[in-house]
Structure formats: C-alpha cells, structure tokens
1. In Å, what is the Rg of the alpha-carbon atoms in the stretch 1-117, and how long is Dmax?
2. Step through the residues of the stretch 148-156 one at a time and calculate ³J(HN,Hα) from phi using the Karplus curve (6.51 cos²θ - 1.76 cosθ + 1.60, θ = phi - 60°), rounding each to whole Hz and writing x for Gly and Pro.
3. On the full set of protein chains, 1.4 Å probe, figure out the accessible area of Arg150 and give it in Å² to the nearest 10.
4. Provide the descending list of Cα extents for the chain along its principal axes, expressed in whole angstroms.
5. Straight-line reach from Lys165: which lysines have Cα under 16 Å away, leaving out those fewer than 8 places along the same chain?
6. Where a Cα-Cα gap under 16 Å defines reach, which lysines qualify for Lys23, not counting those fewer than 8 residues away within the same chain?
7. Using r as the Cβ-Cβ distance of Glu144 and Asn45, and R0 as 22 Å, what FRET efficiency do you calculate, to the nearest 0.05?
8. When the Cα centres of the stretch 46-61 and the stretch 170-239 are compared, how far apart do they sit, in Å?
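The values are calculated or read from the model by the stated rules, or taken from the named source; none is laboratory data. Owing to the predicted nature of the structure, the values given are computational and were not obtained by experimental measurement. So basically every Cβ, Gly included, is an ideal-geometry build from the backbone, and we count neighbours across all protein chains shown. Quick note on the areas: whole protein, heavy atoms, side chains included, nothing else; ligands and nucleic acids left out. Shrake-Rupley method; radii C 1.70, N 1.55, O 1.52, S 1.80 Å.
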Amino acid sequence: MNDLLAQAIAAHGGLDRWNNFHKITATIVGGGGLWPMKGADLDPNPREMTVTLNEERASISPFGHPDWRTAFTPNRIAIETTTGAVVQERSDPTAAFAGHVMNTRWDPLHLAYFNGYAMWTYLTTPFFMAMPGFEVTEISPWQEGGESWRGLRARFPDEIASHSKEQDFYFGDDFLLRRHDYHVDVAGGFPTAQYVHDIVEVDGLRYPTKRFAYLRGPNLKPIRELLLVSIDLSNFRLK
C-alpha cells in the first residue's frame, strides 16, 4: 500500500476497525448553487443517508415523498417505497447523462444517481482506496495558507461509479482529509475543489461533518464565490 495512504487510513481509524462494520448512516442537510441550475427540488430538511462499506450501494430517505427512498448501485438507480415497491428505475444510469453540461436539467433519477455515488465516495474516504482495483499514487502537495497538504491521486476501477476516473485527495500534517478535487463527468466535467471541516470520531473512525464544494479555477484554486454544494453531516451510526 502507498505509504501516504497507509498513514491516512490509520489516522481515520484504521482498516481493522473499518472492517468491523458493514454500513454507515448519517443525517445530512444539503445546499449550494448546483441544485437550482439542475432544476432539482432538493429537500432542505434533514434526511438519512446510508452507504454500504464493502460494496458500492447507497440509499437516501426520504426522497421526493415521505415514504420514498433511493436504491443506488453503479448499474441501476431506483426510487422505491419504504416497503420496496419500485416507483421509478433506470438501468445503465450513466448513459442518461450523455451530452449534459453544468446547467442541463436533471430529473429525479439523475439526482438520485448523483447523490448515491457522491455520498458513497465521501463516506468511504479514504478507506475505499484500499479496495481491489484502485490505483493510488502520491502527487505534489497543495499549499493552503501556511500549510502544505500532501496529496494522493486515486484512479477508480471501471466498476465503481464516482465523479471522475481520477480524483485527488489532500491531507494535513495529522493525515486527516482536508480537500478533495475532481471533475463532475455527469455534468460536462467541470472541475471542483471540495473542502472538509469539523472532523468527529465515531466508533473509532473519523469523519468530516461539513463539506463545501467550489468551482475550481486556474492553478487549482477554488472560486469561493461559486459554492456549488454544501453538506452538513451529523448523527453518524455504524453497524
């Protein structure tokens, strides 16, 4: 395993502890300017996000209706009732984003798919990089104020859905995550710099509770006036 990745995984709680759990659920509240551009009716109320740790599955509840939830895998997205009855579904969901740019309107299944892969990535960082098929290399550090954050570039295997094939992760002197860079391929590939804050410990694992994703400008600098997505997370539960 890459040395920096090993240190980052240890700082976030370690693989042994991570492997004791199967799922994580968190309460989330979202915001930001991307959703109006997408015509997405984002629920401003707290919702429950659950992801599976050892495979890419995710669900958020409620979604669009008090008794509806999502069911995400890389090859299928569905909106279903809490009893499991399918309301809407789409196979090969990435194909439905063909030709999309930043301001292309999304339907509920577009939004559900984006939410599923994004939150799976966020809630499994950095541990997913130790899964089979990931290629991880150290890259040049990022200078943030007076700090130097060491960076990892992860190349995702084809069977894992996420923002882009290659994504960069930056860690502070304590080896905890500070920043996550990627391109949003399902929306024309625009570049994003996401900053994380207020890390908490839950059952020995560490998670950011605030995420702010900005449009990324020249020289990898975030454009602070263009906040695309904000996520507040709380009440983490592992099982």
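1. 16.3, 46
2. Karplus-based 3J(HN,Hα) across the stretch 148-156 equals 10, 9, 6, x, 10, 10, 9, 9, 7 Hz.
3. 80 Å²
4. 47, 41, 32
5. Within the straight-line limit of under 16 Å, Lys165 reaches no lysines at all.
6. The reachable lysines, counting only those whose Cα sits under 16 Å from Lys23, are Lys239.
7. Working: r = 33 Å, r/R0 = 1.50.
After rounding, the FRET efficiency stands at 0.10.
8. Between the Cα centre of the stretch 46-61 and that of the stretch 170-239, the gap is 18 Å.
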